[in-house]
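The values are calculated or read from the model by the stated rules, or taken from the named source; none is laboratory data. The model shown is predicted, which means the values in this text are computed figures rather than measured ones. Here the Cβ is made from the backbone with ideal geometry for all residues, glycine too, and neighbour counts use every protein chain on show.
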Amino acid sequence: MRLTLHTDYAFRILMALARTPNQVISVEELAAEFRVSKNHLMKVAQNLTAGGFVGTVRGRNGGLKLARPPREINLKSVALHMEPDFAIAECFANRECSFLPRCGLKGVLADARRAFLDTLDGHDLQSIL
């Protein structure tokens, strides 16, 4: 199972903001720290804002800050918000499989996906700092 870069960067942004909870950090500063495109990180920040994980501060000293305490930011919630889907194999997105209905793989992969999400569900942002 692999998360998209969008979700990877979302976790990085949240961790950086949680390190200094009372400080506003600009997307430009974060992009420099992570050595990634500012434009790409801006899209991630907008998505985090839309999900209610991050708040924005406008103005000359503006930037990002956590919208709520790290203990209230569940990692599974972040992943589910950021990931377009969790179709870890083609059969999750496409029902035209030549092995169905006698395929045992889809059930095993569904169990693996559930275990992955259950593990994330057991952690909040505070627990990974």
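Listed by first and then second residue, the pairs linking a residue in region 13-29 that is at pLDDT 95 or above to a residue that is of a type in the set (Phe, Trp, Tyr), with Cβ atoms under 7 Å apart and 6 or more places separating them unless they lie on different chains, are LEU14/PHE53.
Note on region 106-129: residues that are out of contact with any strand residue (DSSP E or B) (no Cβ under 8 Å at 6 or more places or on another chain) and not in a helix (DSSP H, G or I) amount to 2. Among (1) surrounded by 13 or more Cβ atoms within 10 Å (Cβ to Cβ); (2) part of a helix (DSSP H, G or I), where does LEU3 come up short? Just one mismatch for LEU3, condition (2). Scanning region 43-102 for residues that are aromatic (Phe, Trp, Tyr), surrounded by 13 or more Cβ atoms within 10 Å (Cβ to Cβ) and farther than 21 Å from ALA18 by Cβ turns up PHE86, PHE92. Among all residue pairs at least 6 apart or on different chains, which show Cβ distances below 6 Å where the first residue, located in region 76-105, is part of a loop (DSSP other than H, G, I, E, B) and the second is of a type outside the set (Gly, Ala, Ser)? Short answer, once both residue conditions are applied: GLU83/THR7; PHE86/ARG113; ILE88/MET1; ILE88/LEU109; ILE88/ARG113; ALA89/LEU109; CYS97/CYS91. Among the residues of region 22-32, those that are touching a strand residue (DSSP E or B) at 6+ places or on another chain (Cβ under 9 Å), surrounded by 13 or more Cβ atoms within 10 Å (Cβ to Cβ) and in a helix (DSSP H, G or I) comprise VAL27, GLU29, LEU30.
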